[in-house]
Amino acid sequence: MTSERNVWKIDKAGRLDRLQPVREDVGPLPSGEVRVRVHAVGLNFADVFALAGLYSATPEGAFVPGLEVCGEVVEIGAAVAEGLRVGDRVMGVTRFGGYVDQLDLPPSRLRRLPEGWSWEQGAAFPVQTLTAWYGLETLGALQPGQRVLVHSAAGGVGLQALAICRKLGADSIGTVGSESKREFLRDRGHDRVIVRGRDFPEQLRRTLGDEPLHLVLDAVGGAVQRASLEALAPTGRLIVVGAAEFAPGRRRPRYLSSLWRYLRRPRYDPLELIPANRSVMAFNLIWLWEDEPLLIRLAGEIEALGLDAPHVGKVYPFGEAPAALEHLRSGRSVGKVVLSVQGA
Ligand SMILES: NC(=O)c1ccc[n+]([C@@H]2O[C@H](COP(=O)([O-])OP(=O)(O)OC[C@H]3O[C@@H](n4cnc5c(N)ncnc54)[C@H](OP(=O)(O)O)[C@@H]3O)[C@@H](O)[C@H]2O)c1
């Protein structure tokens, strides 16, 4: 295996345009890890926040962004228990360091690529499916027949959330930021979709009518989140996974407007949640990477669901990572944005 690899690295979080391609040495494989030749890298909205310095878990100083990859096992550490073989096609998660063409990972962070899936589909699956599953099923305790509001439903997490709702027999209502995304979802058989407008609380009321809302998966924040919580029936759960309303500008954070939104962000008083009989929960998935038994259990539960391959909206060559990130940051992307490592 090569003693060098290609990576995308930023010297310090703050501006997306500081991300640079770098060639760096690769050391020996740690004995408890597996070396993967990466064929595709999944992009996540969290990468945009990390590069802008708006993500609390961002490493200090220089770092390589990226939370998930898909590729081929090329070497196995001496202390790795049986299970994986050289040549196996795998998808894996990493706590940063994913924008690379070669990566060492412990076996607990890897799963086999399902038969017939492309590298790009594999790179589009782990983070967003784990996010949707952990939010809806583990924290949200979603039951068949319950009604779920999924914000940014045409995005990576959103589409996986809709797919999980279908598998579990739950009824989903999606929200999106544009008419074209609503059409995209309609073509995929999702008829109940709100294009969020200024009158979102009223739109939601009209859509729900007398039907109870049991669960909300939110990554938008602000007034949209507040209205969603207020629409929940007693025992309803609001699961917060992000706050896209703070998305940075083309190159750097929008400090003033972000500060304004931050000051006006929803705040919840637990003493008011008791009589309303509603819950607010939140999580950051990358901390789960450290909980090996939980990660393995969740991955097993997801495998048992038998979800279809995820929707890859757009594929960019590995060398065009900045353009791919800009597409994701713009809020116009549909499904997953993936980097393809040609010639890997
Ligand atoms: N907590 C966790 O562990 C965890 C893990 C993974 C992802 N997440 C969060 O889940 C969300 C979805 O992640 P993803 O990677 O699948 O991204 P995505 O949904 O594919 O893309 C982000 C979406 O956010 C929406 N959005 C709302 N306001 C925006 C704004 N001001 N600028 C840009 N986009 C805006 C856009 O969709 P619409 O306009 O259609 O709503 C956009 O397409 C993100 O907020 C992410 O940070 C959290």
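The values are calculated or read from the model by the stated rules, or taken from the named source; none is laboratory data. Just so it is clear, the structure is predicted and the values come from calculations on it, not from any experiment. A quick note on method: Cβ atoms are made from the backbone with ideal geometry, for glycine too, and the neighbour counts reach across all protein chains shown. Protein only, heavy atoms only, side chains kept; ligands, DNA and RNA dropped before computing areas. Shrake-Rupley method; radii C 1.70, N 1.55, O 1.52, S 1.80 Å.
So the values come out like this:
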item	result
Proximal charge balance of Arg261 [Cβ under 12 Å; K/R count +1, D/E count -1]	+2
Span per principal axis, largest first, for the Cα atoms of the stretch 127-285 (Å)	43, 41, 32
Whole-angstrom gap from the stretch 196-213 to the stretch 40-101, using each part's C-alpha centre	39 Å
Ordering of 282-288, 157-163, 216-222, 186-192 by packing [mean C-beta count within 10 Å, highest first]	157-163, 216-222, 282-288, 186-192
Solvent-accessible heavy-atom area per residue, rounded to whole Å², over the chain at 1.4 Å	45 Å²
The stretch 127-285, relative contact order [Cα under 8 Å, separation at least 6], %	22 percent
Relative frequency of Cα-Cα separations exceeding 19 Å in the stretch 230-344, percent	71 percent
Segment Glu301-Val195, extension gain: residue separation times 0.36 nm, minus the distance between their alpha carbons	35.0 nm
Ranked by how many other beta carbons lie within 10 Å on average, peptides 72-81, 58-67 from highest	58-67, 72-81
Computed over the chain, Cα set: Rg, Dmax in Å	20.1, 63
Stokes-Einstein D for the stretch 49-140, Kirkwood Rh over Cα pairs, 4 °C, 1.567 mPa s (µm²/s)	89 µm²/s
Listed peptides 239-249, 313-323, 268-278, 120-130 by packing density, highest first (mean Cβ within 10 Å)	120-130, 239-249, 313-323, 268-278
Acute angle (nearest 10 degrees) that the helix 222-231 long axis makes with the longest principal axis of the chain, alpha-carbon atoms	60 degrees
Whole-percent carbon and sulfur share, accessible surface of the stretch 127-285, 1.4 Å	51 percent
Acute angle (nearest 10 degrees) that the helix 156-168 long axis makes with the longest principal axis of the chain, alpha-carbon atoms	70 degrees
Phi-based couplings in Hz for the stretch 110-123 (Karplus 6.51, -1.76, 1.60; Gly and Pro marked x)	10, 10, 5, 6, x, 3, x, 7, 7, 4, 5, 5, x, 6
Value of relative contact order over the chain, rounded to a whole percent, pairs C-alpha under 8 Å and six or more apart	19 percent
